[in-house]
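One structure is given here, and the rest of the page talks about it.
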Amino acid sequence: MSHILVLNGSARPNAFTASMIRSFCKGAESVGHTVTVIDLCKLNIHSCIGCLNGGKEKEHPCVQRDDMDTVYAEFRKADVTVFATPLFFWSYSGLLKNVIDRLWALAEYDRSELIGRGGGGALLVAAGGSHPEPLYEHFDYMMKRLAWNNLGKAALLHTDDMDMQGIPECEDAYKLGASIGKREKP
């Protein structure tokens, strides 16, 4: 079975993205996968400075010293990476985008740690009052450029004024979690 890393790009611990992650984890664990969730809002991760000077040290692939080293360590253990985010201006949250940008330091150390890497990626997006298609397009393109298996996407479409106590389970996220490892490689 796979070890799955979920990068939670939401700053709100009990909102729609968290509900999707819970549903995804239930689905993935129901078929024997292990899941690690990293709540990016609890970490101190700086923005990428675009220096292209990373990759000199295996344990610290980026020149910046912050909590990204925690993400690198978990990323290296994972077979599958799930990007979970609320939809912010038709894209990823800033928290998640910072991490995506900073993953490049792995390729500077050893291209195979990022490009063409194993099991692939999936996307969970909580889209309040909007449409996630532009984010889907970017995610598909990112999977193509990274040469990862695109394991799928799930969205929880909602209105921003929904009762926060009544956040629904996300059946699509559950199904996506349960399907990891059952899809053939492209």
query = Could you give every pair whose Cβ atoms fall below 8 Å, whose first residue belongs to segment 14-28 and is touching a residue at least 60 places away in the same chain (Cβ under 8 Å) and farther than 13 Å from L176 by Cβ, and whose second residue is in a helix (DSSP H, G or I) and of a type outside the set (V, I, T), counting only separations of at least 6 or pairs across chains?
reply = N14/M164; A15/M164
message = Anything in segment 19-37 that is buried (at least 19 other Cβ atoms within 10 Å of the Cβ) and out of contact with any Gly (no Cβ under 6 Å at 6 or more places or on another chain)? List them, or say none.
response = S19, M20, I21, S23, C25, H33, V35
message = Tell me which helices (runs of 4 or more DSSP H) are completely within segment 47-148 and hold 1 or more residues being under 12 Å from the mean Cα position of the chain (by Cα), or say none if there are none.
response = 68-77, 94-102, 133-146
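Quick note: the coordinates plus some simple rules give every number you see, no bench work behind them. The structure displayed is predicted, hence computed values, not measured ones. No Cβ is skipped: glycine too gets one built from the backbone with ideal geometry, and neighbour counts run over all protein chains shown.
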